[in-house]
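Structure record follows, encoded as structure tokens.
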Amino acid sequence: MLIVLSPAKKLSIKGPKLPEFTFPGSTKQSSILIKELRKYSPTKLSKLMKVSSEIALINVDRYNDWSFEHSIENSKQAILTFNGEVYNGLKASSFNPKEMQYAQQYLRILSGLYGVLKPLDLIQEYRLEMGTKLKVGKHQNLYNFWGDKLVNEINSTGEKVLINLASAEYFKVINSKKLKPNVVTPIFKECKNGEYKMVMMYAKKARGMMAKYIIKNKLTSPKDLLGFAEDGYYYNSKVSTDNELVFYRG
């Protein structure tokens with residue numbers, strides 16, 4: 001049973017690192033993207049990414065500093081680098097060595113720059129959301145650029161079930177027509193004015209908590225996810241299906 005997560009916009013290679021690490025499998029493709037991104041001025045990058053001039057300038061510097069050679073000195077393990085709500089819920093720093101190895105085997109992070117990442121893969125600081133309409137050669141965007149490479153990597157794991165804890169923006173890069181595992185998507189909703197709705201900030205953290213729940217308990221079947229009850233969430237069988245597991249809170 002494989003888990004997929006989205007990356008986070010917030011990231012940093014500062015702070016504690018693990019002695020164990022692996023290398024990303026698509027740095028050749030990453031370097032092609034970096035070469036293209038280096039052509040953008042802060043002003044043009046701001047427009048492309050729809051970010052402030054300050055954020056654009058930070059990322060221009062990141063692209064210029066990016067090195068094809070990844071080491072423990074200039075990089076950090078992906079699972080410890082991302083800092084967004086998903087990773088606040090995941091709390092990877094709490095993993096013991098066996099849990100981290102379990103994550104290494106059964107967790108994957110989708111990335112606009114790196115493709116598919118394993119938790120211990122070293123990455124450098126960057127920002128490149130999968131939905132960015134970056135033209136690279138004949139490719140009109142990142143979905144075209146990555147093509148079937150990511151679905152082939154997912155299929156190569158041999159897992160029969162894929163737990164989709166990624167956002168729609170990122171999961172879209174996996175060609176569903178060629179995906180071999182059966183996809184199961186947990187959905188998290190909050191009670192607001194008597195109605196249950198998805199609140200993205202809470203949903204992101206819940207995705208991370210669900211990934212943590214799977215890893216720490218070494219779950220092997222979608223049925224095992226039904227017992228998830230962190231932070232007041234509970235499984236609602238009445239609104240769920242085999243492929244969409246809905247959890248309510250409130």
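In segment 161-175, what residues are part of a loop (DSSP other than H, G, I, E, B), surrounded by 18 or more Cβ atoms within 10 Å (Cβ to Cβ) and over 12 Å from the mean Cα position of the chain (by Cα)?
First pass over segment 161-175, keeping only residues part of a loop (DSSP other than H, G, I, E, B): 166-167, 172-175.
From the residues that got through so far, the ones that are surrounded by 18 or more Cβ atoms within 10 Å (Cβ to Cβ) too are 166-167, 173-174.
Ile174 - this is the single residue of segment 161-175 that is part of a loop (DSSP other than H, G, I, E, B), surrounded by 18 or more Cβ atoms within 10 Å (Cβ to Cβ) and over 12 Å from the mean Cα position of the chain (by Cα).
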request  = Would you mention how many residues in segment 62-107 are under 22 Å from Leu142 (Cα atoms), in a helix (DSSP H, G or I) and open to solvent by 80 Å² or more (accessible area, probe 1.4 Å)?
outcome  = 2
ask   = Does segment 220-242 include one or more residues that are surrounded by fewer than 16 Cβ atoms within 10 Å (Cβ to Cβ) and within 22 Å of Val151 (Cβ to Cβ)?
value = yes
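Determine which member of the set Glu54, Glu85, Glu36 is farther than 27 Å from Ile215 by Cβ and either touching a Gly at 6+ places or on another chain (Cβ under 9 Å) or modelled with pLDDT under 95 (or both). So that I can check it myself, show each step before the final result.
Details: Glu54 fails: either touching a Gly at 6+ places or on another chain (Cβ under 9 Å) or modelled with pLDDT under 95 (or both); Glu85 fails: farther than 27 Å from Ile215 by Cβ.
Matching residue, one of Glu54, Glu85, Glu36: Glu36.
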Restricting segment 176-196 to residues that are touching a Lys or Arg at 6+ places or on another chain (Cβ under 7 Å) and charged (D, E, K, R), the residue that is surrounded by the most Cβ atoms within 10 Å (Cβ to Cβ) = Lys189
task = Give segment 60-82 a look and list any residue that's in contact with a Phe, Trp or Tyr (Cβ under 7 Å, 6 or more places away or on another chain) and under 14 Å from Lys10 (Cα atoms), or say none.
result = Arg62
Matching residues in segment 9-61 - criterion: being surrounded by fewer than 17 Cβ atoms within 10 Å (Cβ to Cβ), among the hydroxyl-bearing types (Ser, Thr, Tyr) and in contact with a helix residue (DSSP H, G or I) (Cβ under 9 Å, 6 or more places away or on another chain) = Ser12, Thr22, Ser41, Thr43, Ser52, Ser53
remark   = In segment 50-77, anything within 20 Å of Ile109 (Cβ to Cβ), touching a residue at least 60 places away in the same chain (Cβ under 8 Å) and hydrophobic (A, V, I, L, M, F, W, C) is listed as Trp66
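Just to be sure I understand, how many residues within segment 129-141 are of a type outside the set (Val, Ile, Thr), under 17 Å from Thr27 (Cα atoms) and out of contact with any strand residue (DSSP E or B) (no Cβ under 8 Å at 6 or more places or on another chain)?
If we filter segment 129-141 for residues that are of a type outside the set (Val, Ile, Thr), which is where we start, we get 129-131, 133-135, 137-141.
From what is left, the residues that are under 17 Å from Thr27 (Cα atoms) are 129-130.
Okay, now just the ones that are also out of contact with any strand residue (DSSP E or B) (no Cβ under 8 Å at 6 or more places or on another chain), so 129.
Final tally of qualifying residues: 1.
The values are calculated or read from the model by the stated rules, or taken from the named source; none is laboratory data. Source: prediction; values computed, not measured. Here the Cβ is made from the backbone with ideal geometry for all residues, glycine too, and neighbour counts use every protein chain on show. Calculation scope for accessible area: heavy atoms of the full protein, side chains included, ligands and nucleic acids excluded. Shrake-Rupley method; radii C 1.70, N 1.55, O 1.52, S 1.80 Å.
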